[in-house]
Amino acid sequence: MTTPISRRQFLRGRLSTKHSSIRPPWAIEEKDFLERCSRCGDCVDACEEDVIRSDSGYPIIDFSNSGCSFCGDCATACDAGAIRQTQTPAWPYAVKIEPAQCLAQQGVVCQVCSEQCDSGAIRISLTVAAVPTPVINETQCTACGYCIATCPGNALSINTSYRQQPQKEALCM
């Protein structure tokens, strides 16, 4: 079965129907999102962190200047119901490191990402006779993006293929 693409997608070179951009937190499934979103821009205007920007009228996340505080203002502003603050976590992603771009992998001591991580998901691995390197705990990561915005090597990005599973209760033994 083939999925048709729009003329706009074709002209912009988006020959895949899978959208690689990240939608705002609490956005509903992509297919439903595209049908419901009115492209009014209210979520963009409501974002105090300025991480939501418009891409062909649809909102996407841009962590180049800041991270998301998960305040929920975008969901409150969305009258169309494309963003609903109902699920936890806000999105099922985590941050990933591109080792070739990480300053620590190049012998430079840098801990900016771990200093920005409020959830404690990025820790610095200390090794004898080596530069400390960042390690990400994907299950702890909220994918807020503050580490991405501040990384001097641009080594961090959102891992959209990672999907957090709902929290399960631990059994005591």
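The values are calculated or read from the model by the stated rules, or taken from the named source; none is laboratory data. Predicted, not measured: the structure shown is a model, and the values here were computed from it. Positions of Cβ are generated from backbone atoms using ideal geometry, with glycine treated the same way; all protein chains shown enter the neighbour counts.
What do you reckon, is PHE33 over 22 Å from CYS147 (Cβ atoms), among the aromatic types (Phe, Trp, Tyr) and either in contact (Cβ under 8 Å) with a residue 60 or more places away in the chain or assigned to a helix (DSSP H, G or I) (or both)? Show your work before the answer.
Numbers: over 22 Å from CYS147 (Cβ atoms): yes; among the aromatic types (Phe, Trp, Tyr): yes; either in contact (Cβ under 8 Å) with a residue 60 or more places away in the chain or assigned to a helix (DSSP H, G or I) (or both): yes.
Considered against the rule, which asks whether it is over 22 Å from CYS147 (Cβ atoms), among the aromatic types (Phe, Trp, Tyr) and either in contact (Cβ under 8 Å) with a residue 60 or more places away in the chain or assigned to a helix (DSSP H, G or I) (or both), PHE33 comes out as yes.
Hey, any hits in the range 101-115 for a residue that's more than 22 Å from PRO24 (Cβ to Cβ), charged (D, E, K, R) and modelled with pLDDT of 95 or more? Looking for residues that are more than 22 Å from PRO24 (Cβ to Cβ), charged (D, E, K, R) and modelled with pLDDT of 95 or more, one finds at least one in the range 101-115, hence yes. If only residues of the range 36-83 that are acidic (Asp, Glu) and touching a residue at least 12 places away in the same chain (Cβ under 8 Å) are counted, the one that is nearest to VAL112 (Cα to Cα) is GLU49. Among the residues making up the range 109-119, those that are loosely packed, with under 15 Cβ neighbours inside 10 Å and under 15 Å from SER69 (Cα atoms) are ASP118, SER119. Put simply, of THR88, THR127 the only residue that is more than 30 Å from ILE60 (Cβ to Cβ) and surrounded by fewer than 16 Cβ atoms within 10 Å (Cβ to Cβ) is THR127. Could we say that PRO99 is in contact with a strand residue (DSSP E or B) (Cβ under 9 Å, 6 or more places away or on another chain) and surrounded by fewer than 13 Cβ atoms within 10 Å (Cβ to Cβ) here? Taking the combined requirement at face value, the residue satisfies it.
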